[in-house]
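> I am attaching a structure below and will ask some questions about it afterwards.
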Amino acid sequence: MLATDTNPIGITERGDWLVEQRAALERGEAAWLASLAAFDHEQGYRLDGHISCVTWLSYRTGMSRGTAFEKLRIAHELEKSGHVR
């Protein structure tokens, strides 16, 4: 938890908090990427009338097409390597 005016924390605790939160973000990103790869395989994007997962992802999340393409590429690479299930 971050410091407030009534509950200050020390620099060591802040560092620990930062590391814990980064790990949580990484776990969340890994789960998200695994779901993205499955969604692409299942062609879930077609339910909204899109012809590719990249266009769906860009439209639904507001990320650029380049970023959407890269996220999908990474999702499939992690899947192939067995790092994401």
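> With +1 on the Cβ of every Lys and Arg and -1 on the Cβ of every Asp and Glu, and nothing else charged, how large is the dipole of the chain about its Cα centre, in debye rounded to the nearest 20?
Charge dipole of the chain: 320 debye, to the nearest 20.
> Could I ask something else about it? Could you report the chain's accessible area per residue, 1.4 Å probe, as an integer in Å²?
73
> Would you work out which of A30, Y45, G82 lies farthest towards the positive end of the dipole of the chain, given +1 charges on the beta-carbon of Lys and Arg and -1 on that of Asp and Glu, about the Cα centre?
After comparing all options, I get Y45.
> Okay, moving on. So for the chain, what percent of the C-alpha to C-alpha distances run longer than 14 Å?
Considering the chain, 70 percent of its Cα-Cα pairs are separated by more than 14 Å.
> What accessible surface, in Å², does a 1.4 Å probe find on T55, ignoring ligands, DNA and RNA and rounding to the nearest 10?
That residue has around 40 Å² of solvent-accessible surface.
> So what is the 222 nm mean residue ellipticity for the chain from helices alone, if each DSSP H run of at least 4 adds -39500 (n - 2.57) and you divide by all residues, rounding to the nearest 500 deg cm²/dmol?
-23000 deg cm²/dmol
> Report the calculated FRET efficiency for H83 and R46 (r = Cβ-Cβ distance, R0 = 25 Å), to the nearest 0.05.
0.40
> Work out from phi, with θ = phi - 60° and the Karplus expression 6.51 cos²θ - 1.76 cosθ + 1.60, the ³J(HN,Hα) of each residue of the range 65-76, listed in order in whole Hz, and give x for Gly and Pro.
Those phi angles translate into 4, x, 5, 4, 4, 5, 4, 5, 4, 4, 4, 6 Hz.
The values are calculated or read from the model by the stated rules, or taken from the named source; none is laboratory data. Note that the coordinates shown come from a computational prediction; the quantities given were computed from them, not determined experimentally. Ideal geometry is used to build each Cβ from the backbone, glycine not excepted, and the neighbour counts take in all protein chains shown. Accessible surface areas use protein heavy atoms only, side chains included; no ligands, DNA or RNA. Shrake-Rupley method; radii C 1.70, N 1.55, O 1.52, S 1.80 Å.
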